[in-house]
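**Q** Quick one: structure below, then a few questions.
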Amino acid sequence: MSMNHNQEIRLASRPVGMPTRENFAFVDVDLPVANDGQVLLKTMYISVDPYMRGRMNDVKSYVPPFQLDHVMDGDVIAEVVESRHSEYATGDIVAGHLPWRLYGVSDGHGLRKLNPAQGPVTAALSVLGITGITAYFGLFDIGQPKPGETVVVSGAAGAVGTVVGQIAKLCGCRVVGIAGSDEKTSYLTDELGFDGAINYHTQNVGLALKEVCPQGVDVYFDNVGGEVTDAVLMRINDGARIAMCGQIALYNATKAEMGPRLLAQLVVHRALMKGFIVSDYAPRFSEAIKRLATWVANGNIKYRESVIEGFNRVPEAFLGLFRGDNIGKQLVKVAQSE
Ligand SMILES: NC(=O)c1ccc[n+]([C@@H]2O[C@H](COP(=O)([O-])OP(=O)(O)OC[C@H]3O[C@@H](n4cnc5c(N)ncnc54)[C@H](OP(=O)(O)O)[C@@H]3O)[C@@H](O)[C@H]2O)c1
């Protein structure tokens, strides 16, 4: 990547169903100039996330939709390559919500400086970033796990799911993960210490749950929705708590699913089901990051990142989320630091 070449990724068209490479356009743009009070940023890592699928639709939600023919954005790690800002120096590594551009300028608003001496900076987009924080608040605030209880997590081998399961283990719970391949289920049980794992592509989830959760399910952390969630709801205990984090199984649906069908289960079992959006916890993010960082430093929480290299492969990395290509957090490495 040479300093005289700049490029950005725009939303070329809105997908119907599963997105394709054609929904993204790579457009050459001028190299920006940092004015007084600004920094010139070189993008190093880009986070691709399932919620971005919702932003590709023209519907209002908790984040505004991407605009057609406009640059897309998300969580990014960048290096300051030129600074005309008093609080930043050349060589600083920062994280922020930034446009998908090779080079951009910023006035520093919303940027967070990272310290490479404290560990890999990519953790700011994974275990110590939004997905780790999502796991933390969804599990503690809604799941309220107690020692000896059974916690089930769907999307278990992904960025949020891997952290949820490990925190639940630290709380003294029996933890079972549901994921989409044998490689993933082995990773959960052999490397992350889950008590059980179910491959929803090859196993009957309902029957498998009966076997691996003989005491029923006290906490369900739902990342996927659909039939996996139907099966878990049939196994909940009285007083169960269900944290509704995401419904990725439905993000590419072209018509509304029938349902809810199994909510009588909530009545019978006096269960709580509650959705949440992590940004609502922004005032408490530092609490989560501090505890997660301690667990990571002590080896109590392990994390993995699936890293694809190349700015031109951002669409591919994003589409892979819906095929289950990733284990842990999916990132794109765009450039090295200088
Ligand atoms: N509420 C919030 O504030 C918040 C914040 C962050 C994330 N989220 C949500 O949390 C969930 C996980 O996000 P993440 O960033 O950690 O992503 P992720 O789990 O790392 O990646 C997505 C995973 O979803 C699974 N998946 C894809 N299609 C599926 C389907 N049809 N049925 C079942 N599983 C499917 C795939 O794994 P398999 O191989 O197992 O299928 C894939 O690896 C998403 O629903 C996301 O929208 C919510």
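The values are calculated or read from the model by the stated rules, or taken from the named source; none is laboratory data. None of these values were measured; they are calculated from a predicted model. Backbone-built Cβ (ideal geometry, glycine too); neighbour counts: all protein chains shown.
**Q** Looking at (1) more than 23 Å from the chain's Cα centre (by Cα); (2) surrounded by 14 or more Cβ atoms within 10 Å (Cβ to Cβ), find the lone condition where Thr202 falls short.
**A** So Thr202 meets the others, but not (2).
**Q** Further question on the same structure: Which condition number in (1) away from the ligand (no atom under 15 Å from the Cβ); (2) without any contact (Cβ under 8 Å) to a residue 40 or more places away in the chain is the one that Val296 fails?
**A** (2)
**Q** Is it the case, given these coordinates, that Leu188 is surrounded by fewer than 24 Cβ atoms within 10 Å (Cβ to Cβ), under 22 Å from Asn300 (Cα atoms), in the same structural domain as Gln247 (by TED's automatic domain parsing) and not small (Gly, Ala, Ser)?
**A** no
**Q** What is the residue count in the range 142-155 for residues that are touching a Leu at 6+ places or on another chain (Cβ under 8 Å) and within 12 Å of the ligand (Cβ to nearest atom)?
**A** Count: 1.
**Q** Asn237 versus (1) within 15 Å of the ligand (Cβ to nearest atom); (2) of a type outside the set (Ser, Thr, Tyr); (3) not in a helix (DSSP H, G or I): which is the lone unmet condition?
**A** (1)
**Q** Here is a follow-up. Exactly one of these conditions fails for Phe311: (1) in contact (Cβ under 8 Å) with a residue 12 or more places away in the chain; (2) farther than 30 Å from Glu82 by Cβ; (3) hydrophobic (A, V, I, L, M, F, W, C); (4) more than 16 Å from the ligand (Cβ to nearest atom). Give me its number.
**A** Single failed check for Phe311: (2).
**Q** Right, here's the next one. If Ala243 satisfies every condition in (1) within 15 Å of the ligand (Cβ to nearest atom); (2) outside the structural domain of Pro99 (by TED's automatic domain parsing); (3) assigned to a loop (DSSP other than H, G, I, E, B) but one, which is the exception?
**A** (3)
**Q** Can you tell me which residue within the range 217-236, out of those that are surrounded by fewer than 17 Cβ atoms within 10 Å (Cβ to Cβ) and not aliphatic (A, V, I, L, M), is nearest to Gly138 (Cα to Cα)?
**A** By that ranking, first place goes to Asp230.
**Q** Okay, next question. What are the pairs, 6+ residues apart or on separate chains, where a residue within the range 316-330 that is within 6 Å of the ligand (Cβ to nearest atom) has its Cβ under 6 Å from a residue that is modelled with pLDDT under 95 and outside any loop (DSSP other than H, G, I, E, B)?
**A** Final answer for the pair search is none.
**Q** Another question, then. Output the number of the condition that Gly275 fails; it satisfies all remaining conditions of (1) within 24 Å of Lys210 (Cβ to Cβ); (2) in contact with a strand residue (DSSP E or B) (Cβ under 9 Å, 6 or more places away or on another chain).
**A** Only one criterion is unmet by Gly275, namely (1).
**Q** Just checking, how many residues over the range 27-54 are within 16 Å of the ligand (Cβ to nearest atom), of a type outside the set (Ser, Thr, Tyr) and over 19 Å from Phe311 (Cβ atoms)?
**A** Keep residues of the range 27-54 that are within 16 Å of the ligand (Cβ to nearest atom), which gives 45-54.
Applying the additional criterion that residues be of a type outside the set (Ser, Thr, Tyr) yields 46, 48-50, 52-54.
Those left that are additionally over 19 Å from Phe311 (Cβ atoms): 50, 53-54.
Counting residues in the range 27-54 that are within 16 Å of the ligand (Cβ to nearest atom), of a type outside the set (Ser, Thr, Tyr) and over 19 Å from Phe311 (Cβ atoms) gives 3.
**Q** I've got another one for you. Which ones in the range 244-262 are within 19 Å of Val205 (Cα to Cα) and in contact with a Gly (Cβ under 6 Å, 6 or more places away or on another chain)?
**A** Result: Met244, Gln247, Ala249, Leu250.
**Q** Return yes when Leu272 is in the same structural domain as Ile167 (by TED's automatic domain parsing), more than 15 Å from the ligand (Cβ to nearest atom) and in contact (Cβ under 8 Å) with a residue 40 or more places away in the chain and no when it is not.
**A** Answer is yes for this residue.
**Q** Additional query: Let me confirm something: among Glu338, Glu257, Glu309, which residue is surrounded by fewer than 16 Cβ atoms within 10 Å (Cβ to Cβ) and under 23 Å from the mean Cα position of the chain (by Cα)?
**A** On inspection, the qualifying residue turns out to be Glu309.
**Q** Further, regarding this structure: Run Gly158 past the list (1) within 12 Å of the ligand (Cβ to nearest atom); (2) touching a strand residue (DSSP E or B) at 6+ places or on another chain (Cβ under 6 Å); (3) within 24 Å of Asn199 (Cβ to Cβ) and report the number of the one that doesn't hold.
**A** Only one criterion is unmet by Gly158, namely (2).
**Q** If the requirement is being within 16 Å of the ligand (Cβ to nearest atom) and closer than 17 Å to Gly328 by Cα, which of these qualifies: Leu209, Leu192, Leu139?
**A** Numbers: Leu209 fails: closer than 17 Å to Gly328 by Cα; Leu139 fails: closer than 17 Å to Gly328 by Cα.
One residue alone meets the criteria, Leu192.
**Q** Follow-up. Assess whether Ile167 counts as being more than 9 Å from the ligand (Cβ to nearest atom) and either in a helix (DSSP H, G or I) or surrounded by fewer than 24 Cβ atoms within 10 Å (Cβ to Cβ) (or both).
**A** Values: more than 9 Å from the ligand (Cβ to nearest atom): yes; either in a helix (DSSP H, G or I) or surrounded by fewer than 24 Cβ atoms within 10 Å (Cβ to Cβ) (or both): yes.
Judged against the criteria, Ile167 is a match.
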